[in-house]
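Step one of this worksheet: look at the structure below.
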Amino acid sequence: MTDLVAVWEVALSDGVHKIEFEHGTTSGKRVVYVDGKEEIRREWMFKLVGKETFTVGATKTKAAINIDAVSGFAYEYTLEINGKSLKQYIENRLKTTNTWILSLGGTDYRIVLEKDTMDVWCNGQKMETAGEFVEDGTETHFTVADHSCCIKAVSSGKRKEGIIHTLIVDNREIPEAVE
């Protein structure tokens with residue numbers, strides 16, 4: 001019998017991570033798995049509510065699972081990433097990152113731009129990049145599987161929209177993915 005009570009998928013710069021939580025309400029057991037690997041195991045916890053904190057991914061992003069009693073023996077489980085609810089984290093992430101999914105030579109690649117640091121990640125690896133100023137903005141160059149890639153950053157001309165980032169691979173524009 002499994003005590004699996006919650007499963008979340010969290011998109012970070014280094015990939016999409018699966019977080020699973022087991023909570024044995026009779027034994028008090030708590031187990032946290034990240035990408036199938038056991039991160040935390042606690043047996044015989046007499047306090048059934050509380051918080052379990054751990055890290056996720058290559059960047060050791062802080063995460064916490066809150067366990068709250070709803071009524072009687074019913075519990076609610078919420079995930080926090082970097083101190084924010086999962087919903088707030090996802091909304092913030094949409095503003096601070098761009099993600100592109102593409103296939104090159106039969107291999108799928110997930111490329112993420114962190115707009116605040118201009119770090120570029122590809123399939124969980126932080127990429128070596130070279131930035132340059134060009135006439136209408138900046139270009140960040142890097143290579144994926146012998147393909148030349150460039151993220152162009154140009155002003156939208158509108159204050160609310162800000163800067164528009166476009167990924168170009170082998171002189172072809174890649175549409176942004178929605179995660």
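Between residue 119 and residue 135, what is the spin-label point distance in nm, taking each point 7 Å from the Cα along the Cα→C-beta axis?
3.4
Which loop trypsin sites (Lys or Arg not before Pro) in the range 19-54, with loop taken from DSSP, have no more than 15 other Cβ atoms within 10 angstrom of their Cβ?
Values: sites: 29, 30, 37, 41, 42, 47, 51; in loops: 29, 47.
Answer in residue order: 29, 47.
Treating the beta-carbon of each Lys and Arg as +1 and of each Asp and Glu as -1, no other charges, what is the dipole magnitude of the chain about its Cα centre, to the nearest 20 debye?
Details: 22 positive and 29 negative charges, 148 e Å.
That gives the chain a dipole magnitude of about 720 debye.
Place +1 on the Cβ of every Lys and Arg and -1 on the Cβ of every Asp and Glu in the chain, take the dipole about the Cα centre, and give the residue among 134, 85, 48 whose Cα lies farthest towards its positive end.
48
Mind checking which of 5, 100, 59 is farthest towards the positive end of the range 1-148's charge dipole, using Cβ charges of +1 (Lys, Arg) and -1 (Asp, Glu) about the Cα centre?
It is 5, whose Cα lies furthest towards the positive end.
Between residue 92 and residue 8, how many nm apart are label points set 7 Å from Cα along the C-beta direction?
Taking the simple label geometry, residue 92 and residue 8 are separated by 1.2 nm.
Starting from the range 1-76, pick out the GluC sites (Glu not before Pro) whose DSSP state is loop and whose Cβ has at most 11 other Cβ atoms within 10 Å.
Values: sites: 9, 20, 22, 38, 39, 43, 52, 76; in loops: 43.
Filter output for the range 1-76: 43.
Whole-Hz ³J(HN,Hα) for each residue in the range 86-100, computed from phi via Karplus 6.51 cos²θ - 1.76 cosθ + 1.60 with θ = phi - 60°, x for glycine and proline: what do you get?
Once rounded to whole Hz, the list reads 4, 4, 4, 4, 5, 4, 5, 4, 4, 7, 9, 9, 10, 10, 10.
Heavy-atom accessible area per residue, the range 48-126, 1.4 Å probe: how many Å²? Intermediate values should be presented prior to the final figure.
Working: 4260 Å² over 79 residues.
Accessible surface, normalised per residue, equals 54 Å².
Could you give the distance between the Cα centres of the range 1-69 and the range 116-157, to the whole Å?
When both Cα centres are located, 35 Å separates them.
Suppose each label sits 7 Å from its Cα in the direction of the beta carbon; what would the residue 59-residue 108 distance come out to in nanometres?
Placing both labels 7 Å beyond Cα along the Cβ direction yields 2.1 nm.
To the nearest 20 debye, what charge dipole does the range 95-170 have about its Cα centre, counting +1 at the Cβ of each Lys and Arg and -1 at the Cβ of each Asp and Glu?
Values: 8 positive and 12 negative charges, 95 e Å.
Around 460 debye, computed over the range 95-170.
Could you give the longest part of the chain that holds none of the chymotrypsin sites (Phe, Trp or Tyr not before Pro) found in DSSP loops with at most 14 neighbouring Cβ atoms within 10 Å?
Answer - 74-179.
Among the lysines, select those whose C-alpha is under 18 Å from the C-alpha of residue 47, and discard any that sit fewer than 8 residues away in the same chain.
29
Along each of its three principal axes, how wide is the spread of alpha-carbon positions in the range 89-179, in whole angstrom units, largest first?
For the range 89-179, the Cα spread along each principal axis is 39, 34, 21 Å.
Please report, in debye to the nearest 20, how large the charge dipole of the range 20-90 is about its Cα centre when each Lys and Arg carries +1 at its beta carbon and each Asp and Glu carries -1 there. Mind dumping the intermediate values first?
Numbers: 11 positive and 10 negative charges, 46 e Å.
Result for the range 20-90 is approximately 220 debye, rounded to the nearest 20.
Got a number for carbon plus sulfur as a percent of the range 24-80's accessible area, 1.4 Å probe?
53
With an 8 Å Cα cut-off and a minimum separation of 6 or more residues, compute the relative contact order for the chain in percent. Please list the in-between numbers first.
On the way: 334 pairs, mean separation 20.9, N = 179.
Dividing the mean separation by the residue count of the chain yields 12 percent.
When the convex hull of the Cα atoms of the range 30-88 is projected onto a plane and the area is averaged over all directions, what value comes out in nm²?
Values: hull surface 18.8 nm².
The orientation-averaged projected area of the Cα hull of the range 30-88 comes to 4.7 nm².
The values are calculated or read from the model by the stated rules, or taken from the named source; none is laboratory data. What you see is a predicted model, and the numbers here were worked out from it, not measured in a lab. Note that we place each Cβ from the backbone using ideal geometry, even for glycine, and neighbour counts take in every protein chain shown. We work out accessible area using only protein heavy atoms, side chains counted, and drop any ligands, DNA or RNA first. Shrake-Rupley method; radii C 1.70, N 1.55, O 1.52, S 1.80 Å.
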